[in-house]
Structure formats: structure tokens, C-alpha cells
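Step one of this worksheet: look at the structure below.
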Amino acid sequence: MATRRVFVTILLAVLGLGAHGQSSDTLPYISLQAYLNGEPALSMMLQLAIPSYSLLSDTGLKATVFLPTSDAVMSYLYTEFGVSDLADLWSNAVLNQRLLGEFNLRVLPQMIVKDRLLTSQQMSNGMKLRTNATEEVALVVAKAADGTVTITGPQNSAKVVKANQLLANGKIVAHLVDKVLLPPPVAEPPPLEESPPPPPARSPKPSPRASPSPSPSPRPPRASPSPSPSPSPSPAKSPSPSPHPSPKPTKPSPKPSPSPSPSPSPSPEEVPSFGSFPNLQAALAAIPQLSLLSLLYDTAVQDSLVRITLDAIMLSPFTLWLPTDQAFEAWFADPAAPWHWQNDLGQAVGANPRLLLNLLSPHALAGTQLVTSDPNDLHDGSTFTTGLKVLGRPPPGAQFTVHHTGDTVTLEGTRGVNAGVVFNVLRLEAALVGKAGVIHVVDRVIVADNLQRRRLGQLGLQQQQQEHRQVR
């Protein structure tokens, strides 16, 4: 009898059968995206998951994933968003973008545990699993005596209802669960103390249309904005140069202003503070020194996936360090830059809108708002790392040390291609975006530490080609 029991145990192991009769099914899908396309029980998740999320189509991914069934997704839609019919969702553009952004940027990443291959038999009670989410999310395994596995996340628990689905030649272990695991709640950020110039509540709109002010001596900052003859707003902005009196009055502007610069950015020291805006698109449009980024943004958001991703980033606190038009001009003049004029970059983004995400990633700090009113932020010697994690892990980002002396703030790159490079902050808190976003303006284009500049333009193309191969 003992011999027979040993033989049965070995046979079960060979056949992939474990406690509670859960078999390991090897399926012919080469990626998570292919599995979503082919598994009927995941049809609702297929409706919500954006294919541009890099890990879905990654054929080299090694991970354990916990995917909610269609019933679980419908329950999630109803309890979290009040949606009982998909027709209601697709007909409401605002709700649609909010939901898709939340699901793809916060919910979907925490379903994925990278670099660990765990069948239900290999999980143990109390085991903690680190997910691919932006937040430091850990899932906790609870395993009953009968082999039933329950996964607990930051807000709720889900039971594994179909275990051990082996994908991509065994490199991915998928478990279907009966609930959508909810991410941590978004903490409401404290209100900003308005330390920069007196809060011009809705004055941003007049500012970009300020008078051309042909006589630069009385009002230098108004010289830049551009051609609309409306002199009335200029008194509201006249105090703006005064917050930066001493750092750089010695005219270092000749360096970054090459002759072909019709763009409205005057001298870097004259970037005014523009107040608050409901969204990033409005903020970019209102700041003349960011006109090229505004143009690229308007082009890229015609692509729904890019728009959803950018809108979703703004659901949480964020910080952007954005380069001026003059910074781009200096970058275009660099022989190592992949583009040599703004038309080249504009055409590249037009052909592949996702390129804007790769370009913005090293300039973005998602999930954190760095402001001068918080003594823990932007003090001398503080460090931070940029990068949009939705583009992968590690994302294209850069690591900086802050140097803060008086009114002067600089960022020094600490690794990779940015090591030792100094970025001058021309205006702290140039704009506040939504409830918890802030834009700071810098004098250089930031390139990801781990990405050579020549490869930046090729990255989006490679992603497109990979997706095209997956479809075929």
C-alpha cells in the first residue's frame, strides 16, 4: 500500500495534478494579450485592457498573473463606477476615459507578479507577492487545507477559481479569480500653499495672448508671448519677472537661442507663473515657452490609447519637468539627437503618437507631487527618479539630485547618460494642473538614463512592429 501511495503521488506530480485536483493546463498562447483574445472567460477584461500596455504583448515575460473573470469585471464596473451595461460606458466619454485609465494604470499592473512562476501547489499560506504596480503593492496568499487559494490585495480579496494556466511555453502562470483586486485608494493631496506670486485664479488665458509689446524695455516678459494685440492683461503679469531677480540677470540667453527661433520663448529667466488649469492640455496651451510640447501633445492625443494613458496619469498626483522651446532647439542642434528640427519631431509623433509617451517619460514623476510648499520636497540634496512605469519596468526615466540655494534650483543627473549633467529650473510651479499636478520648467531636454538618444525615435517603432507581429 505504501508503494502504491508513493506511485500515485509521483504520477500526480508528473501529470501536473496537485491538491484539490487542480491540474496545470499548458495552453498555446504566446503572450497575455493572446490569452485575453482566446479565453472566453476573460472577454470582459479584453474589453478594458489597452493592448499598448507593454507587458500584455511581451513574449519574453516571466510572471504569475491573477486575471478576473468576466463576472468579476462586471461586478467591478457596477460597484466602482455604477455601470451595469457596457453601452452606458461607451456612450459616456468622460467615464470611459476615467475607467480605462484607472483600470490600465492602477488595476492591471497589480495583477502581474513579475519574475515568479507560481502554481497553486507552490503557493504557501502567508506568502507575499510584489506586483508590477506603481505603488508598492503586495498581494498576500491565503491557502486553505483543501488547497483553495485566496489572494488579498490592498482593499479586497479574490478566490482563485481556475488555477495553473501555463502560457508562453510555461513562462507565464495565469490564475483566474472571482474579483478584481482593487489598488490602494488614492490619497487626497494637501492643498497647495500658494507661495509663488499672488494666485491669479483664472488669469492664465489672457497671458498667452498678451500684446506683442514691440518695446521690450518696459515689459520684457510680454515680448515673448505672441501676436495677439491685447495689452490689457499685461499689468497682471508685470510682477512675474521679479520672483527671479538675482539668479541669472547676466543674459546667458544667447547660448540657447539659435537664430531660427521664431518660437515665443524669450529669455529663459522670464518664464512666468500662470496659475492653475483643469488639465495638462490647457496648461501647455497657456504657457508660450512650451508651445512645441503643446503642439506635440495636441497631435498625440488624437490617438485614443495615448489620450487615455495621459488622462489616467492625472488621476493621481504628478510632477512634470518640462523643457522650453529653446531647450528643444539646443537639443535639435546636438548631432546625437535623433531629430534636427521640430518638423522632424512633429512628423515622428504624428506617425507614431506613442512616441510622445517615451519622450515625456523621463520628464514625468507619476504618483508624487513635488512642490516648494512641502519642506520634504525639493530641498537641497533630495533625490527623485522620473519615469512612467506604464511603459515597462524599469521605465525610461532619469535620477536626479536637487541643489537648492536661495531662489536658484538645479537638478543634477546622477547616472547613465545624465550623470553630471545639470538642468537649470527656470520656473518652479509654472502651472498647477487638476487637483494634484504641477509643472516645473527646465532649460534642457531630459533623456532617459538607460536610453541613448539615437534610439529614442526607434523605440515606438519597435513596439509597433512587435504588436504587428503579434496580430499576424
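FYI, it's all coordinate maths here, none of it is from the lab. This is a predicted model, so every value here is computed, not measured. Ideal geometry is used to build each Cβ from the backbone, glycine not excepted, and the neighbour counts take in all protein chains shown.
In table form, for the structure just shown:
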read-out	value
Cross-link pairs LYS171/LYS435; LYS143/LYS435; LYS62/LYS143; LYS162/LYS435; LYS179/LYS389 - those with Cα-Cα distance over 32 Å	LYS171/LYS435; LYS143/LYS435; LYS162/LYS435
Listed peptides 66-78, 413-425 by packing density, highest first (mean Cβ within 10 Å)	66-78, 413-425
Peptide ranges 275-285, 39-49 listed from the most packed, as the mean C-beta count within 10 angstrom indicates	275-285, 39-49
Burial order of peptide ranges 309-320, 396-407 (average beta-carbon count within 10 Å, highest first)	309-320, 396-407
Shape of segment 305-428, Cα gyration tensor, a/c cut at 1.5	oblate
Stretch gain in nm, segment HIS404-ILE30, where the contour uses 0.36 nm per residue and the Cα spacing is subtracted	129.7 nm
